[in-house]
């Protein structure tokens, strides 16, 4: 059964009893697979399948975008969650060793002049906005657009409630599926802040 199985869900006690023609009861099953032996065999099978699937996916990968948990899971015959739980650390390490064209693209975007700039009403703080374009996601998922905003980091001792500080700047990322044609980067930011205000009023 283990040698012929293609998917994790095929490896069940019910399947073992079915292959035995229904003539074997649970008592006989426990004698053949005492304790947690069956569970251990399933785990070993899955681990081997995941490692083989990762080898296949990474063998032809040229960039981090070429490898996803979903691709490994599809080849291994299990879920993405199972891949992450069983071999997540190895997957992340191998993926990190590949070139990251998306990171290079982000750096190029942030090194370019901002797409737009807005001034916050309450503080007169200038916020620079960058359109990061569309994220390359797996087939079947909706297109996802990234907008980055940055402003000067607060002075020493002043709290920073949102964003990530990098040098003298504080960056925030906004994810949206709204089209570029109908929604400028400023529109995305306005919608986000408007939603945040509604969330606070609802509390």
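Taken together, the values in this text are just the output of simple stated rules run on the coordinates, not laboratory data. From a predicted model like this one, the values you see are computed outputs, not experimental measurements. Here Cβ is always computed from backbone atoms with ideal geometry, including for glycine, and neighbour counts include all displayed protein chains.
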Where N is the number of residues in segment 130-184, Cα Rg divided by 2.2 N^0.38 Å: 1.44
Least to most buried among 41, 54, 160 (fewest other Cβ within 10 Å first): 160, 41, 54
Given the peptides 183-193, 113-123, arrange them by the average over their residues of other C-beta atoms within 10 Å, most packed first. 183-193, 113-123
